[in-house]
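Below is one structure, written out as structure tokens; the observations come after it.
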Amino acid sequence: MFSHSTLYLNHHAMNYFIITGTSSGIGEAIANRLIHRREKVFCISRRENPALNLLAKREHSGLWYYQFDLRSTSKIPGLMKEIFSFIDKETVSGIFLINNAGTLMPTGFSGTLNNSEIEEHYKTNLLAPALLINEFLKLTAELNIKKTIINISSGAAVSAYAGWSNYCAAKAGLDMLTRSIALEQKNAPFPAKVLSVAPGIVDTPMQEIIRESKVEQFPMKEKFVALHQTNKLAGTDDTAQKIISLLFDNSLLGGEILDIRNL
Ligand SMILES: NC(=O)c1ccc[n+]([C@@H]2O[C@H](COP(=O)([O-])OP(=O)(O)OC[C@H]3O[C@@H](n4cnc5c(N)ncnc54)[C@H](OP(=O)(O)O)[C@@H]3O)[C@@H](O)[C@H]2O)c1
């Protein structure tokens, strides 16, 4: 006898989602929605997320949680190899990667920053996504399935902010990775689609950090305090829903740099 959940899974397109930064904010909201849909989800963050684990148990949904520091860049190929060992190549219909993990730290003007913190910043915000994409494309090259990568970018990729120089540079770098890799994938036998998405101003712990920053470190601080006071922040769940719908949007060809506020 099949259990109800087994029957459900057998009739379901086998999609697998790899999401970074799922312990809070936008990444957590994306994972939450996917678990509710009983999708197979691989989560990556330094902290664990007991709420997601509990939800996955309740929904009988496949969740693999990796407590992993993305700054440990040399361990990323091994991590991806392990994740792909759980993907059934016979039944898989789609594999999705959402590079969402990110940090603002260190904020402050160049000339006052700690060098190793700058290095760590690029590891988290730019190097880890580049390596994850490289491994993803390697491990899926022979698979004739749907493959989509979304890089979570920022308005800061196009607008310069004093105090966020490395954040702006890393997010601009992420957008350029998206555009260049999209060109490469155009002629691949089984191409992957790569998109960049700026999520807008979203109510997450990252925004709390922005509102708590010192004016000397981030002169635009008051703009973000005002947006919060006038309830202008987007919700994490609405944002997650829009990002998930982009994964399945067939009108997008790959290489697009999107802003959720314009959708
Ligand atoms: N909120 C906004 O208004 C806004 C605007 C524009 C862009 N974004 C972008 O949206 C994305 C998500 O941000 P959020 O607002 O949801 O912020 P958040 O609540 O601070 O979440 C950031 C996530 O990234 C993970 N992370 C950070 N460093 C990591 C590391 N070294 N290894 C593994 N995971 C790491 C964190 O997990 P651990 O700490 O557990 O590792 C956390 O789950 C970021 O890329 C951010 O730049 C946000």
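Please treat every number below as a calculation from the coordinates, not as lab data. This is a predicted model, so every value here is computed, not measured. FYI the Cβ positions are ideal-geometry reconstructions off the backbone, even for glycines, and counts take in every protein chain you see.
Each of H228, A156, P199 was placed along the dipole of the chain (beta-carbon charges, centred on the mean Cα), and the one lying farthest toward the positive end is P199.
Which log10 I(q)/I(0) values does the chain give at q = 0.09 Å⁻¹ under the Debye formula, counting every alpha carbon as one identical point scatterer? The Cα Debye sum returns log10 ratios of -0.40. Just to confirm my numbers, what's the Cα centroid distance between segment 11-51 and segment 134-212 in Å? Going from one Cα centre to the other spans 18 Å. Label reach from R38 (point 7 Å along Cα→C-beta): in segment 60-94, amide nitrogens under 13 Å belong to 60-62. Remark: spin-label model distance D237-K89 equals 4.0 nm, labels positioned 7 Å along the Cα→Cβ axis. In the distance distribution for segment 25-74, Cα-Cα pairs more than 16 Å apart total 34 percent.
The base-10 log of I(q)/I(0) for segment 156-213, evaluated at q = 0.29 Å⁻¹, reads -1.18 [Debye formula, identical scatterers on Cα atoms, solvent excluded].
Extension gain, S116-K186: 0.36 nm per intervening residue step, less the Cα-Cα distance, totals 21.5 nm.
GluC sites (Glu not before Pro), restricted to segment 28-101: which are DSSP loop and have at most 12 other Cβ atoms within 10 Å? Here the GluC sites (Glu not before Pro) that fit, given the DSSP loop and packing criteria, are E90. Based on alpha-carbon atoms, the Kirkwood radius and the radius of gyration of segment 163-251 give Rg/Rh equal to 1.08.
Helix content alone sets the calculated 222 nm mean residue ellipticity of the chain: runs of n ≥ 4 DSSP H residues at -39500 (n - 2.57) each, divided across all residues, give -12500 deg cm²/dmol. Based on the Stokes-Einstein relation at 37 °C and a viscosity of 0.692 mPa s, and on the Kirkwood radius from alpha carbon pairs, segment 194-246 is assigned a translational diffusion coefficient of 269 µm²/s.
Pairwise inverse Cα distances across segment 139-187, averaged and inverted, put the Kirkwood hydrodynamic radius at 12.4 Å. Along its three principal directions, the equivalent ellipsoid of segment 83-177 from the Cα gyration tensor extends over semi-axes of 33, 13, 9 Å, largest first. The simple Förster model, with R0 at 30 Å and r as the Cβ-Cβ distance, assigns E59 and Q229 a FRET efficiency of 0.25. Any aspartates and glutamates with Cα under 18 Å of the K221 Cα? List them, leaving off those in the same chain fewer than 8 positions away. Here the aspartates and glutamates satisfying the reach criterion relative to K221 are D203, E208, E212.
Kirkwood-type hydrodynamic radius, segment 36-104: 13.5 Å, calculated from all non-identical alpha-carbon pairs.
Mean silhouette area of segment 67-131, derived from the convex hull of its C-alpha atoms and averaged over all directions, reads 5.3 nm². Dimensions of segment 1-129 from C-alpha coordinates, computed as largest minus smallest value along each principal axis and given longest first, are 66, 27, 18 Å.
You can think of it this way: the chain between F109 and I209 has 34.4 nm of extra reach, that is 0.36 nm per residue less the Cα-Cα gap.
Placing pseudo-labels 7 Å out from each Cα toward the beta carbon at K138 and V158 gives an inter-label distance of 3.4 nm.
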